[in-house]
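Reading through the structure tokens given below for one structure.
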Amino acid sequence: MRISTTTIGCALVCAALTVNAGTGEDLYEEFLDNNQLYPDERWQQYVRDIGTRLLAHTPDHDEQYHFHVLDGDQVNAFATGDAYIFVSRGLLAFLENEDQLAAVIGHEIGHVVGRHARKRRTSEIAGKSIGMIAALATGRGELYRDVANPMTALIVSGYGREMELEADQLGGEFMARAGYDPDAIIETVWVLKDQQTFSKQVAGKVPSYHGLFASHPRNDQRLHSAVAYARGLSTGSFVEPIGDFWELMDGLAFGDEAAAGLVKDETYYHSSLRVVIEFPEGWQVTAPKTQVIGRAPGGNPEGSITVARHEFVKRKSPEEYVTDVLARDDVTNGEELEINGAAAFIGEVDTGESDAQLQLIAVLYRRKDVFLFKGECGPEGDPEQLREQFRQTLEKLRQMNAEDAQTANRRRIQVIVAEPGLTYADLAAGSSLPSFPEDTLRLMNADYPHGEPTAGDYLKVVK
């Protein structure tokens, strides 16, 4: 437990999804298939255990609920109508104790118990888990275009104030009866308002949570009344924590260097789309805004390969995508084939008056994504070698796995005990955070915007 008696609230950041039976199960299977669950079973079990404790004090105690931690840096959590509750890893980094995490989970249970998804129907989400996570990613969007559908709009806007307040009321009651402190709900408003201030005034970004507390003033009297009522339901004796929160926090992955694309050596990682692209050994790889470019050691005169993501079009084969969607009439010697189980098309392009010795084009389908490859052998290159390297690059496009995620994002939270005189400026000097390290560390430790560490407190730093 934290030595200081000061607590901060949890981030009750949720999003409603479709009411269709099986929606959460389908979404979970997609997350699982795309390696989007946080690969630390200790955290997965911890969240499940807290959820189970809360459920014992709900009208749904006999229902089957499912609790999972997603491997994303978004400060977010959401529930589906069929009782699947997801908490993002990024939210965990801003919590201070188990009560706060219980408040997050209790709030999401409140949405399910309140049958809120039935009142906010959205379109079918099957096949959209990648797009949903990508839509929530911050920064640039290489290989990604916005997912414009009702589900994305809802995850940004939330349920609306009345249903959010009801979820707060229900969650607070569940917490109090389970032995947790419902005051964490009030404190959460302050945490997320600080997040909002930091995002807008310091980082210059839109807050990554979906806007749950956009309608909650800091001193929302109805929210305070709901929490006061829940507090009155408390038995007076608080339960022992299910796990050691701070031990789990130590080593938690922080942020996501590859959320909008990252190049390391000859490999490109995009964790929001869960894709990895390996270029030939020795090539220089860059990632401007809309594509990834690989250049041979001799530069463009030797050869290059570019990759860009395009939107999927129904009932179009890879070849038809080239001829009909892209309207290319300069492709010759093309063939449709299968690459690692994915439909693809590779063709040569008429070089015309270009000084290129060879130009290639390919379309590779990967679930609901279309990847367009273009290759060019310059006047100083070897056409046959470029042809082979082009094919190998297609074959090496793969789904990101847990090992890839660790390679692409090596930042981890380290828990320390504050010594007398320690400042956030001191901690920022030794942090791996690339931007706004001092403000970010304050935000992580509930001292934003001007606080300093208190001697003896546990502190989260990023290494």
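The values are calculated or read from the model by the stated rules, or taken from the named source; none is laboratory data. It should be emphasised that the depicted structure is a prediction, and the values quoted were computed from it without experimental measurement. Don't worry about glycine lacking a Cβ; one is built from the backbone with ideal geometry, like all the others, and counts go over all protein chains shown.
Overview of results
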item	result
Conditions (1) more than 26 Å from LYS289 (Cα to Cα); (2) at pLDDT below 55; (3) within 17 Å of the chain's Cα centre (by Cα): number failed by VAL87	(2)
Test set (1) under 26 Å from the mean Cα position of the chain (by Cα); (2) at pLDDT below 85 - PHE198 fails condition number	(2)
Which listed residue, of ARG309, ARG315, is without any contact (Cβ under 8 Å) to a residue 12 or more places away in the chain and either under 28 Å from the mean Cα position of the chain (by Cα) or over 29 Å from VAL263 (Cβ atoms) (or both)	ARG315
Members of region 423-463 that are out of contact with any Asp or Glu (no Cβ under 7 Å at 6 or more places or on another chain), at positive phi and of a type in the set (Gly, Ala, Ser)	GLY456
Test: residue in region 275-283 that is in contact with a helix residue (DSSP H, G or I) (Cβ under 6 Å, 6 or more places away or on another chain) and closer than 29 Å to SER88 by Cα	yes
Sole exception among (1) closer than 15 Å to ALA93 by Cβ; (2) touching a strand residue (DSSP E or B) at 6+ places or on another chain (Cβ under 7 Å); (3) outside any strand (DSSP E or B) for GLN414, by number	(3)
Any hit, region 258-267, residues being without any contact (Cβ under 8 Å) to a residue 60 or more places away in the chain, of a type in the set (D, E, K, R), under 30 Å from VAL47 (Cβ atoms) and out of contact with any helix residue (DSSP H, G or I) (no Cβ under 6 Å at 6 or more places or on another chain)	no
Test: residue in region 386-404 that is part of a loop (DSSP other than H, G, I, E, B), out of contact with any Cys (no Cβ under 8 Å at 6 or more places or on another chain) and surrounded by 18 or more Cβ atoms within 10 Å (Cβ to Cβ)	yes
Failed condition for GLU388, given (1) without any contact (Cβ under 8 Å) to a residue 12 or more places away in the chain; (2) outside the structural domain of GLU336 (by TED's automatic domain parsing); (3) more than 30 Å from the chain's Cα centre (by Cα)	(2)
Answer residue from region 297-319, given it is surrounded by fewer than 16 Cβ atoms within 10 Å (Cβ to Cβ) and touching a Leu at 6+ places or on another chain (Cβ under 6 Å) and is nearest to LEU358 (Cα to Cα) among those	ALA308
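Conditions (1) closer than 26 Å to ASP404 by Cα; (2) touching a helix residue (DSSP H, G or I) at 6+ places or on another chain (Cβ under 6 Å), marked per residue:
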residue: GLU30; (1), (2): yes, yes
residue: ASP49; (1), (2): no, no
residue: LEU70; (1), (2): yes, no
residue: ALA79; (1), (2): no, yes
residue: GLY90; (1), (2): yes, no
residue: GLY110; (1), (2): no, yes
residue: GLY114; (1), (2): no, yes
